[in-house]
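Asker: This is the structure I want to talk about, given as structure tokens.
Values in this text are rule-based calculations from the coordinates and carry no lab data. Computed from a predicted structure; not experimentally measured. All Cβ positions, glycine included, derive from the backbone under ideal geometry; neighbour counts span all protein chains shown.
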Amino acid sequence: MWSREFDAELMAARRTVLLEKGFEIFTKRGIESVSMQNIADAAGCGIATLYRYFDKKQGFVIEVATKKWNEIRELDSKRREEANIAGMTAAEMLEFYLDGFLILYREKKDLLRFNQMFNMYVDGAGIEKNALETYYGMIDNFGEYFRLIYERAKTDKTVRTDIPETEMFSTTLHLMLAAVTRYAVGLVYKPETGPDDMKELETLKAMMLAMYRSV
């Protein structure tokens, strides 16, 4: 059982444990069917302790989603630093961006499954938009890299700029995320002889590159 110590560093660590346990149990059992008591039991603490950190399940679920996507954002930032995107053309940056969805599918299927459940939960629970401000603000950060691609394209002309940036970003984001999610949650029928999931996702990536490259 957890003690009643309230040291700030200790509380932050315990908050992280609770969020990780929540993510773990949500991905295994779904969000709707999991109670706050289930989460407390999984974390090895009392329900009162859990409510000391999170007063409602809705808020807890949103914080889990925010934390996990923020981890992806940080990993993506590190990946960009290691790849030295400063020396890339806009077309190369676009391909690098699209590759991120394939990496997400290969390495983070649990997050994709959780994200599918999260979207359904948000729609069904009638959560007010202001309760999701922090989550959406963090998600908006993913558009910052795409803005760099578009700005570079204005100079090197390797990516089309006759299509509005917001339209191109929305289309690439939603189509790629929808595709990797459908495979991750098992919504794509797979006979024994195929299809090859990565090959199909690579094909979708190639189609998008063909659509948006200018040269």
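Asker: Given Cα pairs under 8 Å that are at least 6 residues apart, what percent is the relative contact order of the chain?
Answerer: Computed over the chain, the figure is 25 percent.
Asker: Another one. Quick one: compute the contact order of the range 17-124, relative version, from alpha carbon pairs under 8 angstrom and 6+ residues apart, as a percent.
Answerer: Normalised by residue count, the contact order of the range 17-124 is 36 percent.
Asker: Angle, helix 57-83 long axis vs. longest principal axis of the chain, Cα atoms, 0 to 90°, nearest 10?
Answerer: The two axes meet at around 40 degrees.
Asker: Across the chain, where is the longest run that never hits GluC sites (Glu not before Pro) in a DSSP loop with at most 15 other C-beta atoms within 10 Å?
Answerer: 33-127
Asker: Oh, and also: Just the number: Rg to Rh for the chain, Cα atoms, Kirkwood Rh, two decimals.
Answerer: The Rg/Rh ratio comes out at 1.03.
Asker: Another question, then. For Lys154, which lysines qualify as cross-link partners when the Cα separation must be under 26 Å and same-chain residues fewer than eight apart are set aside?
Answerer: Filter leaves Lys78, Lys205.
Asker: Which angle between 0 and 90 degrees, to the nearest 10, do you get for helix 90-107 versus the longest principal axis of the chain when only C-alpha atoms count?
Answerer: The answer is roughly 40 degrees.
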